[in-house]
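One structure below.
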Amino acid sequence: MITSRQRRVMLVLEAERDAGRPCPSVKEIAARIKSRSIGGVVRLLRGLEERGFIRRAYAGPRCTEILRPVSRFEAMAWDDASQSVSRRIETTH
């Protein structure tokens, strides 16, 4: 299981790969997910690597390989499910 922010990072990585562009830098990923913290993005990437979704080669700044892609449909279903859970919580209080 990955967090919603990790899922957003994965979708950015997959979009760049699908477009045939090189893997984005950490700064570019931060800009795409609207994060002001470069260190936070690094932690997200480490978490994805620990969970086996990506492999990072530390030889260069753009050396990230996607091992287990996250389906955009799965991401949308997960977001819809989390919104319905939050709606249920709001209605019970």
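The values are calculated or read from the model by the stated rules, or taken from the named source; none is laboratory data. Keep in mind the model is a prediction, meaning the values are calculated, not measured. FYI the Cβ positions are ideal-geometry reconstructions off the backbone, even for glycines, and counts take in every protein chain you see. Side chains included, ligands, DNA and RNA excluded: accessible areas come from the protein's heavy atoms. Shrake-Rupley method; radii C 1.70, N 1.55, O 1.52, S 1.80 Å.
Taking region 22-64 as the range and being without any contact (Cβ under 8 Å) to a residue 40 or more places away in the chain, touching a strand residue (DSSP E or B) at 6+ places or on another chain (Cβ under 6 Å) and not in a helix (DSSP H, G or I) as the test, the residues that pass are ARG55, ARG56.
Within region 1-25, being open to solvent by less than 30 Å² (accessible area, probe 1.4 Å) and not small (Gly, Ala, Ser) holds for ILE2, GLN6, ARG7, VAL9, MET10, VAL12, LEU13, GLU14, GLU16, CYS23, PRO24.
Evaluating LEU48 against the criteria (1) open to solvent by 30 Å² or more (accessible area, probe 1.4 Å); (2) out of contact with any Leu (no Cβ under 8 Å at 6 or more places or on another chain) leaves one unmet condition, (1). Within region 12-21, the only residue that satisfies the criterion of being within 23 Å of MET1 (Cβ to Cβ) and without any contact (Cβ under 8 Å) to a residue 12 or more places away in the chain is ALA15.
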